[in-house]
Structures are given as structure tokens and as C-alpha cells.
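Have a look at the structure below, then the notes.
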């Protein structure tokens, strides 16, 4: 079967704090002359989800600890920004100038997902609180308003070891299975596949990331149409995560210098 997947960028005005996000989505899609179809996937940047929930912090209101001041000097960050990383990260893994590699809710992310890009001057934006729950709520609200069953994907950008640039990362998924399991199926040469799972949600996040951009594009959402996914009412977002003991990177590096935030 050949899939002709469409990725349609959706422009918006600047999202205001505590906006009604579903209303913003529906108005932006209508303004662009589009309509949702059943089994479309709505992709939303994590930042606009956070904006809609007021998860924006003024750096001048943050009192840095001594630990934050040390970390700030080491990684060339403001002490207040470093303090927020310490407060939000589950584990600090190390880093380079301006970028601290962290674990946040069992997800690799830089600076615990905290970002000052596309935030007002002097402010930063936090990751959405419980993005999985947010995705499910948005999906239900869209169905309530227009009667369409769509998938919802909340995405952030991430980096990969030894590769330049950002790519999409799925942090909240509703309405479709985020991982496709190829284990115990067979390849072209009839050999049984032993370990391969496809990160479908991350693949779609990266496809949307290409058209949404990272700067002043004002394209914080996209519609993915005719994606080769399995739609479902119940999603187990934990299936996107892998245990430390089964992760190739964790196993290779052992993270001897990492430390858990107390």
C-alpha cells in the first residue's frame, strides 16, 4: 500500500497567555480555508500548549541557589535559568555551553525543556504540565466542537548524539498508537525481526517540525493527513519510553557522571 501523506502548516497570530487553545486552532484552520477530516492528526508545538496554560516564568522572579550559580558558570547560563533547570529536571547528565542534557519525565531533553526562544524578553516557557493529558483533552474538545475524530500530537524539538540540528520529539499523543512494533514479523528475506520498533509519533513530529520551523515563522501547528498509523481511542504514552537497562545509549555510556536532583 502506498500512502500519500500530507503535512499542512497552519499559521496563527501570536498566542496570548491563557488563550482558549482549541478556539485558536479552529479559527486558524478556518482562516486558512481548511477543515478537519476524521483521522487527521493535529500537531501542536509544546510552547503554545504551555502559553495557553500560562506556563511562563519571569526570570527576575527566580532566586538562584548556590548549586544553580555553579551550574550557570559551568554551562554559561544565567543563574535563574540554571535554577529552573535544577527545579524541573529529574536528572542532570552533563552538557556543553548553553545546553544541559537532562532527563525530564523519562525523556532526554536539553535544559529540562525550558526555553527562552519565542518567549517575551526576560521570560522563559516551561514544558506543558502532563502533555499526555493535554493531548487527550484537546482531542475531546475538538470532537465536542466539530464532531471530528482527530489525533493530537504535542511536539518539542530535541537533538540526537553527534548530529547537528534539532528534530521533532513527541511528548504527548492522543488518538493513535505512537509506536509500531515490527518484532516477530519478517523482513524481505524472510528473517524474523528481533528488536525493531518504529517511533511513529516521533517520525510524525519531525515531519511537522520541518514545516513549523524554529524561529519567527508563526506556524506553531500543522495537520498531518493520511498518515499510516493505527487510530485508537486509548493510548498508552508509556510505550514511547524505554527502560534504562534496554537503552543502547544508557548501556554504552553508563552515565557515571550523571546525578539525580534531590
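Against the definition (over 17 Å from the mean Cα position of the chain (by Cα) and crowded, with 16+ Cβ neighbours inside 10 Å), how does residue 34 come out, yes or no? No, not satisfied.
Can you tell me how many residues within the range 173-202 are part of a loop (DSSP other than H, G, I, E, B) and either within 19 Å of residue 49 (Cα to Cα) or in contact with a helix residue (DSSP H, G or I) (Cβ under 6 Å, 6 or more places away or on another chain) (or both)? Reasoning before the result, please.
Here is the first cut: in the range 173-202, the ones part of a loop (DSSP other than H, G, I, E, B) are 175, 177-179, 182-185, 187-191, 193-196, 199.
From what is left, the residues that are either within 19 Å of residue 49 (Cα to Cα) or in contact with a helix residue (DSSP H, G or I) (Cβ under 6 Å, 6 or more places away or on another chain) (or both) are 175, 178-179.
Counting residues in the range 173-202 that are part of a loop (DSSP other than H, G, I, E, B) and either within 19 Å of residue 49 (Cα to Cα) or in contact with a helix residue (DSSP H, G or I) (Cβ under 6 Å, 6 or more places away or on another chain) (or both) gives 3.
Residues that are surrounded by 12 or more Cβ atoms within 10 Å (Cβ to Cβ) and touching a residue at least 12 places away in the same chain (Cβ under 8 Å) within the range 173-197 comprise 173, 174, 175, 176, 177, 178, 179, 180, 181, 182, 197, listed in sequence order. Scanning the range 127-166 for residues that are in a loop (DSSP other than H, G, I, E, B), touching a residue at least 24 places away in the same chain (Cβ under 8 Å) and within 20 Å of residue 24 (Cα to Cα) returns 127, 128, 129, 148, 149, 150.
Candidates 102, 109: the one that is crowded, with 19+ Cβ neighbours inside 10 Å, free of Cβ contacts under 8 Å to residues at least 40 places away in the same chain and assigned to a strand (DSSP E or B) is 102.
Determine which member of the set 205, 215, 222, 170 is assigned to a loop (DSSP other than H, G, I, E, B), in contact (Cβ under 8 Å) with a residue 40 or more places away in the chain and under 30 Å from residue 16 (Cβ atoms). Quick ask: steps written out before the conclusion?
Details: 205 fails: assigned to a loop (DSSP other than H, G, I, E, B); 222 fails: assigned to a loop (DSSP other than H, G, I, E, B); 170 fails: assigned to a loop (DSSP other than H, G, I, E, B).
Result: 215 is the single residue among 205, 215, 222, 170 that is assigned to a loop (DSSP other than H, G, I, E, B), in contact (Cβ under 8 Å) with a residue 40 or more places away in the chain and under 30 Å from residue 16 (Cβ atoms).
No value in this document is a laboratory result; all are computed from the given coordinates. Keep in mind the model is a prediction, meaning the values are calculated, not measured. Glycine gets a Cβ as well: all are built from the backbone with ideal geometry, and neighbour counts include every protein chain shown.
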